[in-house]
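**Student:** Below you'll find the structure I mean.
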Amino acid sequence: MSRPIKKMIVEEYQRRFDGVSDALLVDIRGIPANENNELRLGLLKKDIRVTVIRNTLAKDAFEGTGLEGLAPGLEGPTALCYGGTSVVDIARELVDWAKKLQDLDLKGAILDGQYFDGDSGVKELSKFPTREEAQAKVVQLVLSPGSNLVGAAVGPGSNLLAIVKEIQERLEDGKTIEKVG
């Protein structure tokens, strides 16, 4: 391949992956065409894109970007999976697909500059909470003491209200109220 062609491919990778900092690497070699199409269409429904890349050119294109940490996984046939809501969602999807497709090889992933190596790394990443799940946990932790405080403040008042209501009902029914000593 001539140098101008390689330069064009590197520029295309830089353009295509501009702003992508979290991604996952897979090897889709050996997957039959129909299953490969099914995989790609299933991922595309979740806004996850799959692009087969040339390793040495991708290393050049990723230099100085958030994807630079993927360099250890750029060996052998490689496809880059990116998009979706987060790389954790991508990892979850691909772990599920790997159970269905024996030839799908999970090579690695990068999240916030941290590289997750191989099949075990991707499976570990799939167990992380997504950004939305983490935010929900934080909100729950922040609100929990407040709800406990409100419950403690309202509890005695509601007990007192129940006693007053019982007295009112007895008086309306014409019953006498006895002094409790």
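The values are calculated or read from the model by the stated rules, or taken from the named source; none is laboratory data. Please read these numbers as outputs of a predicted model, since none were measured by experiment. Counting neighbours? That spans all protein chains shown, and the Cβs are built from the backbone with ideal geometry, glycine included.
**Student:** Against the condition over 11 Å from Asp27 (Cβ atoms) and touching a residue at least 40 places away in the same chain (Cβ under 8 Å), how does Asp96 come out, does it pass? Walk me through it before giving the result.
**Tutor:** Values: over 11 Å from Asp27 (Cβ atoms): yes; touching a residue at least 40 places away in the same chain (Cβ under 8 Å): no.
For Asp96, the condition - over 11 Å from Asp27 (Cβ atoms) and touching a residue at least 40 places away in the same chain (Cβ under 8 Å) - is not met.
**Student:** Considering only residues that are of a type in the set (Asp, Glu) and touching a residue at least 12 places away in the same chain (Cβ under 8 Å), which ones fall in region 19-61?
**Tutor:** Asp22, Asp27, Glu35, Asp47, Asp60
**Student:** Can you tell which of Val52, Val26 is in contact with a Pro (Cβ under 9 Å, 6 or more places away or on another chain) and aliphatic (A, V, I, L, M)? Show your work before the answer.
**Tutor:** On the way: Val26 fails: in contact with a Pro (Cβ under 9 Å, 6 or more places away or on another chain).
On inspection, the qualifying residue turns out to be Val52.
**Student:** Restricting attention to region 68-81, does a residue exist that is surrounded by 16 or more Cβ atoms within 10 Å (Cβ to Cβ), of a type outside the set (Lys, Arg) and touching a Phe, Trp or Tyr at 6+ places or on another chain (Cβ under 6 Å)? Write out each step before concluding.
**Tutor:** Going through region 68-81, the residues surrounded by 16 or more Cβ atoms within 10 Å (Cβ to Cβ) turn out to be 69-71, 73-74, 78-81.
If we keep only those that are of a type outside the set (Lys, Arg) too, we end up with 69-71, 73-74, 78-81.
If we keep only those that are touching a Phe, Trp or Tyr at 6+ places or on another chain (Cβ under 6 Å) as well, we get 69.
Within region 68-81 (the criterion being surrounded by 16 or more Cβ atoms within 10 Å (Cβ to Cβ), of a type outside the set (Lys, Arg) and touching a Phe, Trp or Tyr at 6+ places or on another chain (Cβ under 6 Å)), the answer is yes, since at least one residue qualifies.
**Student:** Quick check: is even one residue across region 100-113 in a helix (DSSP H, G or I), under 18 Å from Val20 (Cβ atoms), assigned by TED's automatic domain parsing to the domain that holds Gly30 and β-branched (Val, Ile, Thr)?
**Tutor:** So in region 100-113, the residues in a helix (DSSP H, G or I) come out as 100.
Cutting the leftovers down to under 18 Å from Val20 (Cβ atoms) gives us none.
No, every residue in region 100-113 fails to be in a helix (DSSP H, G or I), under 18 Å from Val20 (Cβ atoms), assigned by TED's automatic domain parsing to the domain that holds Gly30 and β-branched (Val, Ile, Thr).
**Student:** In region 118-147, what residues are surrounded by 14 or more Cβ atoms within 10 Å (Cβ to Cβ), within 21 Å of Gly66 (Cβ to Cβ) and at pLDDT 70 or above?
**Tutor:** Gly118, Gly121, Val122, Glu124, Leu125, Ser126, Phe128 - these are the residues of region 118-147 that are surrounded by 14 or more Cβ atoms within 10 Å (Cβ to Cβ), within 21 Å of Gly66 (Cβ to Cβ) and at pLDDT 70 or above.
**Student:** Quick check on region 26-42. Is at least one of its residues under 21 Å from Asp112 (Cα atoms) and assigned by TED's automatic domain parsing to the domain that holds Leu111? Don't jump to the end; show me each part of the working.
**Tutor:** The first filter runs over region 26-42 and keeps only residues under 21 Å from Asp112 (Cα atoms), leaving 26.
Keeping just the survivors that are assigned by TED's automatic domain parsing to the domain that holds Leu111 gives 26.
Yes; the residues of region 26-42 include at least one that is under 21 Å from Asp112 (Cα atoms) and assigned by TED's automatic domain parsing to the domain that holds Leu111.
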